[in-house]
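Please read the structure below before turning to the comments.
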Number of protein chains: 2
Amino acid sequence: MLQSGQQLDLVFAALADPTRRAILARLAAGEATVNELVEPFDLSQPTISKHLKVLEGAGLVSRGREAQFRPVRLNAAPLETAAHWIGDYRRFWEESFDRLDAYASELHRKEKNHGRKRKRSSK
Amino acid sequence: MLQSGQQLDLVFAALADPTRRAILARLAAGEATVNELVEPFDLSQPTISKHLKVLEGAGLVSRGREAQFRPVRLNAAPLETAAHWIGDYRRFWEESFDRLDAYASELHRKEKNHGRKRKRSSK
DNA sequence: GCATAATATTGCTATTTGGCAATATAGCCA
DNA sequence: TGGCTATATTGCCAAATAGCAATATTATGC
């Protein structure tokens, strides 16, 4: 089992590529074969296979076996982990809490005083 | 202005590094100077500065100017974009819709029949 | 068994990334 | 002015990444 930090590394890294996000979007419409995933892109089949390996490594897709096909299906569970991580920051874009926080901490830092006196007149 | 796709590239790539996520976590407690951000890590100051540049490039932090300090503060707006993107997949981990979808599309694919007949007896 | 179709693997590139030490820049204060 | 502090920049390296063409693998169906 992967530690959650490394899990997030892999998931966010996988999501950082537009081709891979497009693949996930396609899979949201249902499972697909590799060739079906190749079609919409101007990329070679091996390249798509490599992307699929990255997605699989992040746990975002899983593969089936059906004749000579290896159908790819979306596995959204890791997205929940990612959503949860991001969700911890929700208040920072929903409220204007950040301003208050930033100000409070700025004061705090000034008081701790990193080897210098007080600031006198900003700017 | 950046296109939303490239924006997502940068944001997810920024979030893919544990050091950068830790920096954001620290900034959630309020703004900080570069040196304050260096302290908790066993990394050099230039390395942290480079991470900050990545975060800044993704729009996740912004810099101030105060004497010789360049205070770093969290800017959560891009996280909202990321959260929204991930949110489109919420039903896939909340409901068991995916199973239905996958099955439906599998049937569809079999009917379209990519150059072969029907499956006979799996495995 | 053989031809074909689907997918994976194997080199091979060019680019990007994360790290460092060393050095440069910039602002404060005495 | 000169020295100190905070931060940025530069130059370097090793590892990872995204892409390709070519080839190998695997299963089907005649």
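Brief remarks follow.
- Label-to-label distances for residue A:2 across copies, nearest first, come out at 2.3 nm, using points 7 Å from Cα in the beta-carbon direction.
- Heavy-atom accessible area, probed at 1.4 angstrom with all protein chains present, ranks B:9, A:88, A:42 as A:42, A:88, B:9, highest first.
- Rough spin-label spacing in nm, given labels placed 7 Å along Cα→Cβ, for residue A:44 and residue A:84: 4.0 nm
- In the assembly of identical copies, residue B:35 has its label point, taken 7 Å from Cα in the direction of the beta carbon, separated from the corresponding points by 6.4 nm (ascending, one decimal).
- Between B and A, accessible area buried - total, square angstrom, nearest 100, 1.4 angstrom probe: 3900 Å²
- Remark: label point of residue A:80 defined 7 Å out from Cα along the Cα-Cβ vector; separations to the same position in other copies 2.7 nm, ascending.
The values are calculated or read from the model by the stated rules, or taken from the named source; none is laboratory data. Owing to the predicted nature of the structure, the values given are computational and were not obtained by experimental measurement. Note that we place each Cβ from the backbone using ideal geometry, even for glycine, and neighbour counts take in every protein chain shown. What goes into the accessible areas is simple: the full protein's heavy atoms, side chains included, and nothing from ligands, DNA or RNA. Shrake-Rupley method; radii C 1.70, N 1.55, O 1.52, S 1.80 Å.
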